[in-house]
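Colleague: After the structure tokens below, expect a handful of questions from me.
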Amino acid sequence: MKRIGVIGLGYVGLTTSVGLAQLGHKVIGYDLDASKVESLLAAKPTIHEEGLENALSKLLESHDLRFTNHIEELQSFEPEFVFICVGTPQDASGAADLTIINSAAQEVALILPAGAIMIVKSTVPVGTCQKITKSFNRSDIFVASNPEFLREGTAIKDFMEPDRIVVGSNSSEVSKKVMSLYDSIDSPKLETNLESAELIKYAANAYLAMRLSFTNDIANLAEATKANVDQVLLGMGLDKRIGNSFLKPGPGWGGSCFPKDTSALVSMAKGYDSALPLVESAISSNEAAFKRSVDVIESLAEGQLMNKTIAIWGVAFKANTDDTRDSPALRIIDLLLKRGAKIRAFDPIARVPEAAGLSMASSAIEATKGADVLAILTEWPEFSMVSPEQVVAGMKNSVVYDARRILPESWRPHFSVFKALGEASK
Ligand code: UGA
């Protein structure tokens with residue numbers, strides 16, 4: 001059992017706090033936002049994540065986990081390790097903005113006891129941990145990198161059952177101490193230098209984003225050539241070197257990580273005079289994918305969107321999360337609005353503010369009332385359980401575009417036009 005502080009209680013910080021406490025450590029999560037801390041202390045999760053509420057209540061009750069917005073409380077706890085989990089958003093140039101992480105590291109360095117290890121979990125450009133090490137005048141505290149690979153929607157499970165754990169530092173003694181926090185997790189464990197650990201995170205995310213762009217481009221080609229996209233991707237993925245996971249075509253990739261991380265990696269590479277044309281292409285292929293879905297919806301709306309009502313199912317960037325940051329659905333909605341469409345959107349969990357031309361419906365069926373086209377942009381499983389008869393009965397035209405390929409075959413006969421991404425419309 002170790003005493004651990006966690007700085008920043010966003011997705012990564014909150015999951016890390018809960019995960020470490022579940023591993024048997026004593027954890028304090030710190031965030032500047034008093035209302036977030038208050039909510040977490042009342043065991044009310046600030047993010048939508050399976051199993052989180054239950055885990056929070058148990059850990060708060062057993063006093064293995066607590067939260068604070070007072071740095072003095074963290075100081076008097078005398079943490080042996082502090083995880084830095086603050087955001088590294090994209091700046092105007094596309095690079096990672098390190099303002100928050102730099103100031104968090106400075107603030108924490110002032111209160112850490114001698115011998116403590118500061119562990120950077122935030123996604124940071126290569127060289128950041130070295131710079132942080134040099135930025136404070138203390139040779140008695142150490143810095144390590146421990147990138148996070150969790151996915152929203154399965155965050156707690158991904159933390160407890162990771163594919164691998166990566167720890168980077170300047171000293172194998174420090175790496176071993178950090179790795180020992182995960183002793184009870186049975187997974188491949190990789191110790192590296194600081195730079196490699198930092199780059200592993202970006203390389204993994206960029207590779208996954210590239211894979212999705214490739215998948216979406218192949219889906220588009222399958223449609224043009226009348227190939228069956230599911231069979232093509234299955235046949236491709238059965239090659240063990242390729243594998244079938246992360247090969248589902250969709251309206252484009254989004255979320256709080258892939259867009260900012262691919263952009264930051266390209267920007268970082270330029271700084272080293274090193275080109276990453278494949279990642280750059282993946283980014284532009286993704287922009288093209290959003291536009292492709294808008295063009296499809298326009299063609300399904302009899303060739304023009306001005307004053308047409310488009311029902312949208314799903315605004316979250318993927319299913320099982322309430323996160324709409326860089327959501328493909330929002331990018332598509334924005335382009336539809338620019339072409340004059342009126343949007344009635346529904347999402348089981350995620351909410352977006354209503355705006356001119358955009359209203360949120362209280363149910364999937366309500367969203368489709370009077371709609372010219374229904375477009376499914378997030379793969380919530382409950383959408384495929386809705387009755388197609390009820391949908392069609394309320395729509396102006398029985399036209400559906402399934403950009404996530406989740407609707408069952410039984411839906412087809414109910415619609416005059418049924419189009420799934422990657423295949424020609426019926
Ligand atoms: C991603 C990575 O998968 C995690 O490993 C990483 O830790 C995380 O970013 C991060 O850097 O923090 P996440 O953003 O939660 O996780 O979402 P993903 O499940 O990777 O999905 C990203 C986007 O790709 C979504 O828009 C999703 O709908 C899309 N996607 C994913 C597909 O279109 N097809 C797929 O087969 C998989």
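Colleague: Can you compute the modelled spin-label distance between I71 and M1, with each label point 7 Å from Cα toward Cβ, in nm?
Modeller: Placing both labels 7 Å along Cα→Cβ, they lie 2.9 nm apart.
Colleague: When a/c reaches 1.5 or more, the comparison of a/b and b/c decides; with that in mind, is the chain rounded, prolate or oblate per its Cα gyration tensor?
Modeller: prolate
Colleague: Give me F81, F214, F290 ranked fewest to most by other Cβ atoms within 10 Å of their Cβ, as a rough exposure proxy.
Modeller: Lowest count first: F214, F290, F81.
Colleague: Helix 328-338 sits at what angle to the longest principal axis of the chain, using alpha carbons and giving 0 to 90 degrees rounded to 10?
Modeller: Taking the Cα atoms of the chain, the angle to 328-338 is about 50 degrees.
Colleague: Averaging sequence separations of C-alpha pairs under 8 Å and six or more residues apart, then dividing by the length of the chain, give the relative contact order as a whole percent.
Modeller: Values: 846 pairs, mean separation 49.1, N = 426.
Once normalised by length, the contact order is 12 percent.
Colleague: Shape call for region 56-131 from the C-alpha gyration tensor, a ≥ b ≥ c root eigenvalues: rounded (a/c under 1.5), prolate (a/b greater than b/c) or oblate?
Modeller: Numbers: a/c = 2.43, a/b = 1.64, b/c = 1.48.
The shape class here is prolate.
Colleague: Right, next: Anyone know which of V279, V86, V232 comes out most mobile in the 10 Å Cα GNM of the chain?
Modeller: V232
Colleague: Mind checking the angle between helix 52-61 and the chain's longest principal axis? C-alpha axes, 0 to 90 degrees, to the nearest 10.
Modeller: 30 degrees
Colleague: On full extension of the chain, what length is gained from S135 through L190, given 0.36 nm per residue of separation minus the C-alpha to C-alpha distance?
Modeller: 17.2 nm
Colleague: Quick one: which of 411-424, 218-231, 246-259 comes out on top by average Cβ neighbours within 10 Å, and what's the full order, highest first? Kindly include the intermediate steps, with their values, before the conclusion.
Modeller: Numbers: 411-424: 17.6, 218-231: 15.1, 246-259: 21.9.
Packing order, densest peptide first, comes out as 246-259, 411-424, 218-231.
Colleague: Once phi is turned into θ = phi - 60°, what whole-Hz ³J(HN,Hα) does the Karplus curve with 6.51, -1.76 and 1.60 give for every residue of region 213-228, x standing for Gly and Pro?
Modeller: Along region 213-228, the couplings run 4, 4, 4, 5, 5, 5, 4, 5, 5, 4, 4, 5, 9, 6, 7, 8 Hz.
Colleague: Follow-up. Based on the mean of other beta carbon atoms within 10 Å per residue, what is the order of 366-376, 28-38, most packed first?
Modeller: So the peptides 366-376, 28-38, ranked by packing, come out 366-376, 28-38.
Colleague: Just want the answer: with Cβ charges of +1 for Lys and Arg and -1 for Asp and Glu, which residue in A393, V126, T15 is farthest toward the dipole's positive end in the chain?
Modeller: Result: A393, furthest along the dipole toward the positive end.
Colleague: Calculate how steeply helix 277-300 sits against the longest principal axis of the alpha-carbon atoms of the chain, using the helix alpha-carbon long axis, and give the answer as 0 to 90 degrees to the nearest 10.
Modeller: 30 degrees
Colleague: Given the Cα-Cα distance of K58 and N228 and 0.36 nm per residue of separation, how much length would full extension add, in nm?
Modeller: Gain on extension, K58 to N228, equals 56.4 nm.
Colleague: If you don't mind, another one. What shape does region 30-186 have by the C-alpha gyration tensor, where a ≥ b ≥ c are the square roots of the eigenvalues, rounded means a/c under 1.5, and otherwise prolate means a/b greater than b/c and oblate the rest?
Modeller: rounded
Colleague: Let me ask something else about it. Could you let me know the centre-to-centre spacing of region 32-79 and region 82-147, using Cα atoms, in angstrom?
Modeller: Going from one Cα centre to the other spans 22 Å.
Colleague: Which lysines have a Cα lying under 21 Å from the Cα of K44, excluding residues fewer than 8 positions away in the same chain?
Modeller: The qualifying lysines are K26, K36, K58, K157.
Colleague: Order these peptides, 324-334, 63-73, by their mean beta-carbon neighbour count within 10 angstrom, highest first.
Modeller: So the peptides 324-334, 63-73, ranked by packing, come out 324-334, 63-73.
Colleague: Along the positive direction of the dipole of the chain (beta-carbon charges: Lys, Arg +1; Asp, Glu -1; about the Cα centre), which of V174, Q231, C257 reaches farthest?
Modeller: Q231
Colleague: Taking every DSSP beta bridge that has both residues in the chain, what percent is antiparallel when rounded to the nearest 5?
Modeller: Bridges in the chain are about 10 percent antiparallel.
Rule-based calculations on the coordinates, nothing more; no lab input. Since this is a predicted model, take the numbers as computed values, not measurements. All Cβ positions, glycine included, derive from the backbone under ideal geometry; neighbour counts span all protein chains shown.
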